[in-house]
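S.K.: Structure incoming, see below.
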Amino acid sequence: MGQKIFPLILTSVGEEVANKTFIDILNMFEKFGFIDNANFWISLRQTRNAIANEYPDNLEKLVIDLNAVYTQSEKLLAYWQKLKTRIDQVVS
């Protein structure tokens, strides 16, 4: 969502995102009120990276990371609903 949808939304409100880093895009998203805190998204990416790059021989770390994914997924679903509402407000 962050890599593809966020830049599209910013472009639709007239912002230039072509040469922006992901952190820049997150900060712009926060500025426009699309997210409350850019650090939440950074945390999501760190968890995703931990799961994607984790080796199966470290089961304790894998369990911790999977539990983090579960907790963050609830927050992500709630955020998606809020974002849909915010997009409707901006587009209308």
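S.K.: With each run of n ≥ 4 DSSP H residues scored as -39500 (n - 2.57), what mean residue ellipticity at 222 nm is computed for the chain after dividing by its residue count and rounding to the nearest 500 deg cm²/dmol? Show your work: numbers first, answer last.
M.R.: Working: 4 runs with 67 residues, N = 92.
Helix contribution divided over all residues of the chain: -24500 deg cm²/dmol.
S.K.: I would also like to ask the following. Regarding the chain, what is the average projected area of its C-alpha convex hull, in nm²?
M.R.: Dividing the Cα hull surface by four gives the mean projection, 6.3 nm².
S.K.: Hey, another quick one. Would you pull out the residues with amide H under 5 Å of Ile35's amide H, same chain only if 5 or more places away, H placed 1.01 Å from N?
M.R.: Excluding prolines and chain starts, which carry no amide H, the hits are Glu30.
S.K.: Find the relative contact order for the chain and round it to a whole percent, using C-alpha pairs within less than 8 Å whose residues are 6+ positions apart.
M.R.: Numbers: 38 pairs, mean separation 20.8, N = 92.
Reported relative contact order: 23 percent.
S.K.: Sort 65-78, 36-49 by packing, meaning the average of other beta carbons within 10 Å per residue, with the highest value first. Before the final figure, lay out the partial values.
M.R.: Working: 65-78: 12.7, 36-49: 14.6.
Descending mean neighbour count gives 36-49, 65-78.
S.K.: Hey, another quick one. Spelling out what I want: for every residue of the stretch 29-42, take phi, set θ = phi - 60°, compute 6.51 cos²θ - 1.76 cosθ + 1.60 (Karplus), and round to whole Hz; glycine and proline get x.
M.R.: Result, rounded to whole Hz: 4, 5, 4, 7, x, 7, 9, 7, 8, 4, 4, 4, 5, 5.
Laboratory data are not the source of any read-out in this text; all were calculated from the coordinates shown. Predicted model only: the values in this text are computed from it and were never measured. Using ideal geometry, Cβ is built from the backbone for each residue, glycine included, and neighbour counts are taken over all protein chains shown.
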